[in-house]
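This report refers to the structure that appears directly beneath it.
Just so it is clear, none of the values below were taken in a lab; they were calculated from the coordinates. What you see is a predicted model; the values in this text were computed from it and never measured. Reconstructed Cβ throughout: ideal geometry from the backbone, glycine too, with neighbour counts over all protein chains shown.
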Amino acid sequence: MTDKLLEGTECPRCPADTVTRLATSPVPGAWDVLQCTRCLYTWRTSEPARRTRRDAYPEAFKLTESDIENAIEVPAVPPLRV
Amino acid sequence: MPYDDLRSFLGTLEKEGQLLRITEEVLPEPDLAAAANATGRIGENAPALYFDNVKGFTDARIALNVHGSWANHALALGLPKHTPVKEQVEEFARRWDAFPVAPERRADAPWRENTQEGADVDLFSVLPLFRLNDGDGGFYLDKAAVVSRDPEDPDDFGKQNVGTYRIEVIGANRLAFQPVPMHDVAQHLRKAEEVGEDLPIAITLGNDPVMAIVAGMPMAYDQSEYEMAGALRGAPAPIATAPLTGFDVPWGSEVVIEGVIESRKRQIEGPFGEFTGHYSGGRRMPVIRVDRVSYRTNPVFESLYLGMPWTECDYLVGPNTCVPLLKQLRAEFPEVQAVNAMYTHGLMVIISTKKRYGGFAKAVGMRAMTTPHGLGYVAQVIVVDEDVDPFNLPQVMWAMSAKVNPKDDVVVIPNLSVLELAPAAQPAGITSKMIIDATTPVAPDVRGNFSTPAKDLSETAAWATRLQNMIAARH
């Protein structure tokens, strides 16, 4: 699918406006699968509001830019052997 | 009769009344996950679920809860569906002794029928992907058998690993991947990343039911899951050569995804509702680039729901966690009768044992904590007498209520290792561990008033059979 950003669409989780379409329903018009390019949250437009709308998204799962930047690596990248 | 693929097993489940087809249209979310979640709330012999009418899809076939009851687990092992849990575990342990059984290589794998390569790879066009839990970061592949090789020893068949890991779909040809540090694939990845190389990987979906069991089983680094599958099946496991990586993959898979874990790269992943009944995530994890997808015509997408236990995951990894612990304990302590390690992959275990002398039961409990699996699990051990069935929880509760003097029989050891996902650990990866000795003290441990136990009457077993026959004859 295209990497083109969808204008006016906000990520329910982080809440960047850098959202792209990953997939669209084989039955035309049923749903799209969208993804936030910053936090990688992925959702289907037909899901309940608690998964698709910023104002209904659970507080416990919201992410901030610093959450993403400061996330630890698991497993840590090992030192290069020279 | 062993099953060579998922489809033949689904056929048996249907014939045995253990597969339910949902033909009315459902929503991909939240219906698929909610239905699979509900199988764990309707009693012990819930069926597998099969969906083929999912809103927005024209060609979806989704199997859920395939291993999600004791009846289905018994059928997966080729046992009668009413086989009691304890007997399933004993039969599993008996078959284990046939390990290793060499696999059988076949040429005509059905997943060779269709291929996507390079820029044409689009996982969304092959798999009807969907979300499981509200807080999940995306759509997951959570029941795959993932194959990787030791980059320093790529021709060693035993070191080739087959395991189940959580995999998040983050693009048409991209996946995020969680190798838990104590798992074999994490060792493969570390060796590749130390020299700056990508790690080739093959992800197989929709496998025969024994393949799913061995992929989730705690085995030694150089033991082959295929050779264990052969032992459990009672026949060689059919394998085939994956076209891109050359890895050995199950012959009967519905879908084979090949690619590489990109060296030294990490991206945000999760969260994902885990088998502990809690989410984990918000960490940066390795990513996979998919270069080739091979799949059967009309592939069946197999997935499992996991969350607050019990779910399919608990049935899938219950017996396969009991048996390695039983084998390792018995190797040194033949007095051990049975091990029930079915709670949260063995975070808590119940062991029945004879007592060699006073204090012996506590030693058995400590040994369970120091087995290879115990280093990451076994935070609580309940030890019961040899005549208490550790799979019969009312009996276990009786032993705890009648045999335990808490001051002397509860032992807590601080600051031991546990997997990082364990929610009660503090800090992550460190926990205290506890032994509850619910056995009857024996000399020289002379505590308590246990000299006159009331045992079942010697005629009771015969009467039990007589009553069961009379009840059966009424129908």
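Debye-formula intensities of chain B, expressed as log10 I(q)/I(0) at q = 0.08 Å⁻¹, are -0.50 (one equal scatterer per alpha-carbon, no solvent). Over the range B:146-248, the pair-distance histogram of Cα-Cα distances with 5 Å bins from zero comes to 2, 12, 23, 25, 21, 11, 4, 1, 0 percent, rounded to whole numbers.
For B:Ile382, the residues 5 or more places off, or on other chains, whose built amide H falls under 5 Å of its own are B:Val349, B:Ile350, B:Ile351, B:Ile436.
Counting only the Cα atoms, the range B:218-265 fills a convex hull of 128 Å³ per residue. Per residue of B:55-63, other chain Cβ atoms within 10 Å of the residue Cβ number 3 on average. Throw me the Rg/Rh for the range B:241-332, computed over C-alpha atoms with Kirkwood Rh, two decimals. When Rh is taken as the Kirkwood radius, the ratio is 1.05. Dividing the Cα radius of gyration of the range B:98-174 by 2.2 N^0.38 Å, with N the residue count, gives 1.42. Averaging 1/r across all pairs of distinct Cα atoms in the range B:245-290 and inverting the result yields a Kirkwood radius of 13.1 Å. Each Cα pair under 8 Å and six or more residues apart adds its separation to the average, and for chain B the resulting relative contact order is 15 percent.
For the range B:348-437, the alpha-carbon coordinates run over 37, 26, 26 Å along the three principal axes, in decreasing order.
Over the protein assembly as shown, what is the percentage of antiparallel beta bridges among all DSSP beta bridges, to the nearest 5?
75
Beyond 18 Å, the tail of the calculated P(r) for the range B:1-74 holds 39 percent of the Cα pairs. For the range B:57-210, the relative contact order comes to 19 percent (Cα pairs under 8 Å, sequence separation of at least 6). Taken over the protein assembly as shown, the alpha-carbon convex hull comes to 173 cubic angstrom per residue. The overall shape of the range B:1-158 is oblate: from the C-alpha gyration tensor, with semi-axes ordered a ≥ b ≥ c, the ratio a/c is 1.5 or greater and a/b is no larger than b/c. Annotation: extensible slack from B:Gln223 through B:Ser401 equals 60.0 nm (criterion: 0.36 nm per residue apart, minus Cα-Cα distance).
Give the relative contact order (percent, whole number) for the range B:344-446; include only Cα pairs under 8 Å separated by 6+ residues. Here the relative contact order equals 32 percent. Computed with the Debye formula from one identical point scatterer per Cα of the range B:316-475, without solvent, the log10 of I(q)/I(0) at q = 0.11, 0.13, 0.17 Å⁻¹ comes to -0.49, -0.66, -0.99.
For every helix of n ≥ 4 consecutive DSSP H residues, a contribution of -39,500 (n - 2.57) applies; sum these over chain B, divide by its total residues, and give [θ] at 222 nm rounded to the nearest 500 deg cm²/dmol. The per-residue figure over chain B is -7500 deg cm²/dmol. Each residue of the range B:222-235 was assigned a 3J(HN,Hα) from its phi angle through the Karplus expression (A = 6.51, B = -1.76, C = 1.60, θ = phi - 60°), giving 9, 9, 7, 5, 5, 6, 6, 4, x, 5, 6, 6, x, 6 Hz with x at Gly and Pro. When each of the peptides A:46-54, A:13-21 is scored by how many other beta carbons lie within 10 Å of its residues on average, the order from highest to lowest is A:13-21, A:46-54.
Sorting A:64-71, B:303-310, B:396-403 by average packing, meaning the other beta carbons within 10 Å per residue, from highest down gives B:303-310, B:396-403, A:64-71. For chain A, taking Cα atoms only, Rg and Dmax work out to 15.6, 54 Å respectively. Per-residue shielding of B:277-285, expressed as the average number of other chain Cβ atoms within 10 Å of the residue Cβ, stands at 4. Taking all C-alpha pairs of the range B:259-384, those more than 25 Å from each other amount to 47 percent. Amide H contacts under 5 Å for B:Gly246: none, restricted to partners 5 or more places along the chain or on a different chain, H placed in the peptide plane at 1.01 Å from N.
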